[in-house]
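Notes for the one structure printed next.
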Amino acid sequence: MISEAFSPAACPRLVIKIGSALLVDAAGAVRREWLAGIVADIAARRGAGQQIAVVSSGAIALGARRLKLPKGGRASLEDAQAAAATGQIALSHSWAELLGEKGLTAAQILVTLDDLEDRRRYLNAAATLDRLLTLGVVPIINENDSVATAEIRFGDNDRLAARIGQAAGARGVILLSDIDGLYTANPGRDPSAKMIPRVERIDARILAMADGGSASGMGSGGMTSKLSAARIAQRAGAHLAIVTGKVDRPLQAFEETGHGTLFVAEKGASARKAWLAGRLTSRGLIRVDEGAARALGQGRSLLAAGATGIEGRFARGDVVDIAGPDGTAFARGLIEYDAEEATRIVGRRSDALEAILGYAPRAALVHRDHLVLL
Ligand code: GLU
């Protein structure tokens, strides 16, 4: 039972992610009855005053059938893009129609990874979401797969849902899936596998429990992407639950039974730092010595003197990773200098910087207010 710790009904704002295998049947058609069930759940919650955003997968699976593409439309990037463009319009139509029958208005938002990685665009998306939710609309969100390229895409809607939860300032994110939670091992292969009801911290032991990709083969997420999503949500101060969608009224069932795996929100995460930590890409890497790594661990800023090397092309204000002597990135922050200037001051003491730069230096290479430990 996890409902004592997290009641979805108690979240003023909730994000629900729905996997492809729940929405689309084996023949590639929308599972309308099931969809009507979740829409009834959403309507009940809206009636109780809750604001709900939906991250809906299924565009590629739906489009693939219409276009008669092999491998569920995932044989190549071009196929996936064509399938998504074709399936998305059908997917939105089904949502708008069924929500409309319950007197609810649907809105569509399609985002790319870059839309949420760039701070300004992220804030724009957050403002749009906020306005829609305040107006009582149900935003139906998906990745803009028809323009996303292989290198710059979420690829799975689990992490997208966590980022949307963060952008919307949601207190809870529910991943409805064809699996009912995180198991100690793959339950399909190991009958002694046990479900874990509650996870406070995602450590190496928890990460080892996830394996492989999508069990249904229809979506692209698997337990690994769900754990990354959970980490993003936790840092953003949101609870995330993995819950089965293989029942008719999944939200109602979850509220009644509390069955699933809950990843408990971290306390006191600042919005800006959560955005930083939840980013999936960075523009550069700063290598630092042991002393600097220790100082950062104690909450201090990164000074030029502690840096040993700079990689990447970045401008002032870009996000960079910070790695210690062992080469592993352990922190991330907004850099105060562009790459060329940063390279000139690497390893130099603060009192030497003005002469090198030709102007009064900034307080740090990465200020502690703009820095998170990973
Ligand atoms: N965005 C993809 C779609 O709509 C699904 C991604 C996923 O499988 O999580 O088909």
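The values are calculated or read from the model by the stated rules, or taken from the named source; none is laboratory data. This one's a predicted model, so the numbers in the text were calculated from it and none came from an experiment. Cβ placement follows ideal geometry from the backbone for every residue including glycine, while neighbour counts extend to all protein chains displayed. Only protein heavy atoms, including side chains, enter the accessible area calculation; ligands, DNA and RNA are left aside. Shrake-Rupley method; radii C 1.70, N 1.55, O 1.52, S 1.80 Å.
Excluding same-chain neighbours fewer than eight residues apart, the lysines reachable from residue 267 by a Cα-Cα span under 26 Å are 17, 226. Rg and Dmax over the alpha-carbon atoms of the range 18-137 stand at 15.5, 44 Å. Surface analysis of the chain yields an accessible area of 44 Å² per residue, using protein heavy atoms and a 1.4 Å probe.
What helices does the chain have that are whole DSSP H segments, at least 20 Å long along their own axis by Cα, and with mean Kyte-Doolittle hydropathy of -1.0 or more? All intermediate terms of the calculation are to be shown ahead of the outcome.
Working: long enough: 32-47 (22 Å, 0.12); 77-101 (35 Å, 0.16); 119-134 (22 Å, -0.44).
Length and hydropathy pass: 32-47, 77-101, 119-134.
Using the structure shown, select from 102/273; 68/246; 68/194 the pairs with a Cα to Cα distance greater than 30 angstrom. Show your work: numbers first, answer last.
Working: 102/273 38 Å; 68/246 26 Å; 68/194 39 Å.
From 102/273; 68/246; 68/194, over 30 Å: 102/273; 68/194.
Using R0 = 22 Å, the C-beta based FRET efficiency linking residue 123 and residue 152 works out to 0.70. Counted over the range 283-322, the DSSP beta bridges are approximately 60% antiparallel. With the convex hull of the Cα atoms taken as the outline of the chain, the averaged projected area works out to 19.3 nm². Protection proxy ranking of 157-164, 129-136, 341-348, by the mean of other Cβ atoms within 10 Å over each peptide's residues and highest first, is 157-164, 341-348, 129-136. Quick one: Debye curve from the C-alpha atoms of the range 258-329, no solvent, what's log10 I(q)/I(0) at q = 0.16, 0.20 Å⁻¹? Reported log10 I(q)/I(0), two decimals: -0.68, -0.95.
To the nearest 20 debye, what charge dipole does the range 259-346 have about its Cα centre, counting +1 at the Cβ of each Lys and Arg and -1 at the Cβ of each Asp and Glu? Please list the in-between numbers first.
Values: 12 positive and 11 negative charges, 68 e Å.
The dipole magnitude comes to about 320 debye.
With the simple spin-label model, which puts each label point 7 Å out from Cα in the Cβ direction, the residue 66 to residue 354 separation comes to 6.5 nm. Note on the range 348-374 and the range 141-179: Cα centroid distance 35 Å, given to the nearest whole angstrom.
What a 1.4 Å probe finds exposed on the chain is 50% carbon and sulfur by accessible area, rounded to a whole percent. Each stretch of four or more DSSP H residues adds -39500 (n - 2.57); spread over every residue of the chain, this sum gives -11000 deg cm²/dmol at 222 nm. The protection proxy used here, the mean number of other Cβ atoms lying within 10 Å of each residue, ranks peptides 286-297, 356-367 as follows, highest first: 286-297, 356-367.
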